[in-house]
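Read the figures in this text as sums done on the coordinates, not as results from a lab. If you're wondering where the values come from, they're calculated on a predicted model, not measured in any experiment. Backbone-built Cβ (ideal geometry, glycine too); neighbour counts: all protein chains shown.
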Amino acid sequence: MKSVLVVVAHGDDMEFMCAGTIYRWVKEYNYPVYELILTDNRKGTYTLRESEIIVRSKQESIDAGKILGLKEVRFGNFIDGELEDIPRKYIRNIIIDMIREVKANIVLSWDPFANGEDHPDHRVTALTTYEAISFCSNPNFGTPGLYPLHFVSEAYWFAKKPESAKTFVDITDTIEVKIDALLKHETQMELTFGSLMLEAEILGIDISGLKDADRNTRNQLIANAVREYTAEKGKHCGYKHAEQFRYENFGMLEMVLGQKIIQPEFPPIEI
Ligand SMILES: [Zn+2]
């Protein structure tokens, strides 16, 4: 039995990047999965007031978490888009404390070493998570005495830029649950659609037929785009739909004892 912690910056990061894999751990392995969302998503809208988007976005994450069978969705409540203004030590300690509290064996997050990550919140989330994994076993980091020290054995880093990501997880049986969870993020689907409209407008492309699309049509378009994306990933490994990660394991025990101890459910493959 392993415990899984997903650390993300925004409400829909997990659903986009790893929800099909998460649902496999929940359903097939019965692992407890926890999510920590560091920001309040307040910048994720073209139209809503700040107070409205914050409340709605939280509820959407809770609803998506229910679909995926998460044990808990926790919020850091930092201002969206401004994580880099917070001292890294402060964020790192929150993550260390949660790793210890839920006894996480597997951690998922943005890749601290991915090239070309454009979102500052993703970069900060990735780096502080990586540091938290490294130092959750050290009594001088985190909140001393709050929880027992812990050791994280495995990380699955989101493969936004896939050059070094060799772990493909077959999500053929969980793609529709992933999409259901993603579509719970109504405010973020509106944002995605809004940015599509803006792009078309700036480029002078007439997509007026889509402009007045109702919610269902919009959701179908996004669902199809996600299916296409995961099918494209699947082509690399012979799965119908896949999610892709850079897998990393930690520790020295395997080397000291000269034997394999950590058993990943989804081992890396050579492509
Ligand atoms: Zn994000």
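Things to note:
- Prolate/oblate/rounded call for segment 1-106, Cα gyration tensor, a/c under 1.5 rounded: oblate
- Mean separation of Cα contacts under 8 Å, 6 or more apart, over the residue count of the chain: relative contact order %: 23
- Residue-wise HN-Hα coupling along segment 62-68, computed from phi with Karplus coefficients 6.51, -1.76, 1.60 (Hz; x: Gly, Pro): 5, 5, 5, x, 5, 4, 8
- Between Lys66 and Ile261, the simple label model (points 7 Å from Cα in the Cβ direction) yields a spacing of 4.1 nm.
- Helix 186-203 axis versus longest C-alpha principal axis of the chain: approximately 60°, rounded to the nearest ten.
- Coupling constants for segment 247-253 follow from the phi torsions by the Karplus curve (6.51 cos²θ - 1.76 cosθ + 1.60, θ = phi - 60°), and in residue order they are 8, 9, 10, 10, x, 10, 4 Hz; glycine and proline get x.
- ³J(HN,Hα), Karplus 6.51/-1.76/1.60, whole Hz, each residue of segment 73-88, x for Gly, Pro: 10, 10, 10, x, 6, 6, 5, 4, x, 10, 4, 5, 7, 8, x, 4
- Taking 0.36 nm per residue of sequence separation and removing the Cα-Cα distance, the Val55/Tyr229 pair yields an extension gain of 59.7 nm.
- Close amide-amide hydrogen proximity is noted between Asp80 and Asp40, Asn41, Arg42, Lys43, each under 5 Å apart and 5 or more residues distant or on a separate chain (H modeled in the peptide plane; Pro and chain starts excluded).
- C-alpha long axis of helix 215-235 to longest principal axis of the chain, angle in °: 50
- Taking amide H positions as modeled 1.01 Å from N, with prolines and chain starts lacking one, the residues under 5 Å from Arg74 and 5 or more places away or on another chain are Glu35, Leu36, Ile37.
- Each peptide in 232-238, 22-28 was scored by the mean count of other Cβ atoms within 10 Å over its residues; highest first, the order is 22-28, 232-238.
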